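Worksheet: one structure, shown below.
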Amino acid sequence: MTAEMRRKKVFKMIITKRKLLKHKMLLICATTMPSTIVQDALSLTIVDQRNQCTQVRSLWMKMRSGDFWNRIVNNHFTDQDWLDNFRMRKSTFDYICTQLFSELSPNPLAFRPSLSVEKKVAIVIFKLSSCSEYRVVGNLFGVHKSTVHTCVYQVCKAINELLRPLHITMPTIEEAKFIAQCIKLRTGMEQLIGAIDGTHIPILPPKIGYRDFVNRKGWPSMVLQGYVDNNYIFRNVTIKHPGSVHDATVLKDSSLYKNNEKLIPKHYISINGKEIPLMIAGDPAYPLLPWLLIGYTGSLTPEQESFNTYHSSARICVENAFGRLKGRWRCLLKRCDINYKFMPQVISACCVLHNIVEQFKDNYHASWTMEVNEGNICYAQPSQRELSQDTINTNSKEIKEILKEHMAMNYPLRQSSFKR
């Protein structure tokens, strides 16, 4: 039996069940209501049946052109066209579709032909990369805007369920040692396995609770906290806090903070008789912790300023990662028409897609960074208040001092180009 025959059979069964249900309701009415009411109901039923026979639906589905996807993209797009429009090569797109096929495959019993997995994924990736409205994306792909909305929700959830566990992972001990070695060769800093920071994503906030989402720059946002390695790969992300929340609060509510003993690999080297663990670089908005190394604040000595300069060069990877993330997925660069409640799923999906294209070595265009810089003018990132370090762990402070002395003894003293 073909899929078309199965659809017709199911449709016929539904119509039959509805007729039987209507007949049963009339029988119930006949035993409980006056005869005049029953006669009126029967006459209305007969008229309704006649109308069903004579009235033909004028429009089942509006005609739309899917020429862009069916003919132009599939038959004429080069890898450069794919990068320009979908921010990835065709081979990377095919990998994503293959991984999501089990979750997004069409229903063979649907009354109307469903969209293919490839078209669903293409609609969503184009939406995320262009930040176009639902209506605009729908017109381009030949579907209604409600279909685009459904695809965004389905595909983003599928990406987070199936691909996030594969592509956003904490480094193993061997990976961590390799990352630390790469950062040391580039910056001189010992035992750093990446950097952590937060960035604000513009959203359309709710009317009730609007102020909770307004950040220090005065515009509504959602906070993305990301731990990034030396290759701009997100290793851990937290996306659940409105823009008014401080970075330190976001950190303390993250899985990285709560489970750092399990998540951060254990490997030590000895410097001046002190065991130095693997650490993540952060800015002064975060607390100084045994696994989180921040720079010095206040009035600085030449050694402290030099340490901060080397430390900042190690932290630049997370800033670059955020820039590349927003450059590829412009729905994170400006407000889009996606509901704020679903934005954490969208942001997470974008981080997964970012990691995939970085791991597949797809090109990143410098012009995308220019768009990010222009976007940052409209939505300037808020600066965070420096966190008071009055309750610093003694061991953490000692590790920081030893690293400062080690840098001063083995590397030239450097001055920061940024002066307060």
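The values are calculated or read from the model by the stated rules, or taken from the named source; none is laboratory data. Since we're looking at a predicted model, the values are computed, not measured. Cβ coordinates were reconstructed from backbone atoms using ideal geometry, including for glycine residues, and neighbour counts include every protein chain displayed.
Consider Glu319 carefully, then state whether it is farther than 23 Å from Lys240 by Cβ, out of contact with any Cys (no Cβ under 9 Å at 6 or more places or on another chain) and touching a residue at least 24 places away in the same chain (Cβ under 8 Å). No.
Remark: pairs (first residue in region 190-208, closer than 20 Å to Ile239 by Cα; second residue assigned to a strand (DSSP E or B) and of a type in the set (Ser, Thr, Tyr); Cβ separation under 8 Å; 6+ apart in sequence or on different chains) = Gly194/Tyr227; Ala195/Tyr227; Ile196/Tyr227; His200/Ser221; Ile201/Ser221; Pro202/Ser221; Ile203/Ser221. For region 241-289, the set of residues classified as of a type in the set (Val, Ile, Thr) and within 30 Å of Ala408 (Cα to Cα) consists of Ile264, Ile269, Ile271, Ile276, Ile280, listed by residue number.
The test for being crowded, with 19+ Cβ neighbours inside 10 Å and either touching a strand residue (DSSP E or B) at 6+ places or on another chain (Cβ under 6 Å) or closer than 20 Å to Phe234 by Cα (or both) holds for Ile280. When Ser221, Ser312 are screened for being buried (at least 17 other Cβ atoms within 10 Å of the Cβ), touching a His at 6+ places or on another chain (Cβ under 6 Å) and of a type outside the set (A, V, I, L, M), only Ser221 passes. Among the residues of region 246-281, the one identified as within 30 Å of Gln381 (Cα to Cα), among the hydroxyl-bearing types (Ser, Thr, Tyr) and assigned to a loop (DSSP other than H, G, I, E, B) is Ser254. Within region 344-368, if we keep just the residues that are under 18 Å from Asn85 (Cβ atoms) and among the polar types (S, T, N, Q), the residue that is modelled with the highest pLDDT turns out to be Asn363.
Applying a threshold of 7 Å to beta carbon distances and a minimum spacing of six or more residues, or different chains, the list of pairs starting in region 212-239 at a residue that is touching a residue at least 12 places away in the same chain (Cβ under 8 Å) and basic (Lys, Arg) and ending at one that is assigned to a strand (DSSP E or B) and crowded, with 24+ Cβ neighbours inside 10 Å reads Arg235/Gly194; Arg235/Tyr227; Arg235/Val228. Filtered by the rule that a residue be in contact (Cβ under 8 Å) with a residue 60 or more places away in the chain and under 18 Å from Met88 (Cβ atoms), region 141-159 gives Phe141, Val152, Val155, Cys156, Ile159. For beta carbons closer than 8 Å, sequence separation of 6+ or different chains, a first residue in region 330-351 that is within 11 Å of Pro205 (Cα to Cα) and a second that is part of a helix (DSSP H, G or I) and of a type in the set (Ser, Thr, Tyr), the qualifying pairs are Asp337/Tyr134. Checking each residue in region 350-409 for being over 30 Å from Cys156 (Cβ atoms) and hydrophobic (A, V, I, L, M, F, W, C) picks out Leu387, Ile392, Ile399, Ile402, Leu403, Met407, Ala408, Met409.
Of all residues in region 103-131 being within 16 Å of Gly66 (Cβ to Cβ) and of a type in the set (Ser, Thr, Tyr), which is nearest to the chain's Cα centre (by Cα)? Among those that are within 16 Å of Gly66 (Cβ to Cβ) and of a type in the set (Ser, Thr, Tyr), it is Ser116. Just give me the residues in region 316-335 being assigned to a loop (DSSP other than H, G, I, E, B) and surrounded by fewer than 22 Cβ atoms within 10 Å (Cβ to Cβ), in sequence order. Lys334, Arg335 - these are the residues of region 316-335 that are assigned to a loop (DSSP other than H, G, I, E, B) and surrounded by fewer than 22 Cβ atoms within 10 Å (Cβ to Cβ).
Restricting region 73-108 to residues that are among the β-branched types (Val, Ile, Thr) and loosely packed, with under 12 Cβ neighbours inside 10 Å, the residue that is modelled with the highest pLDDT is Thr98.
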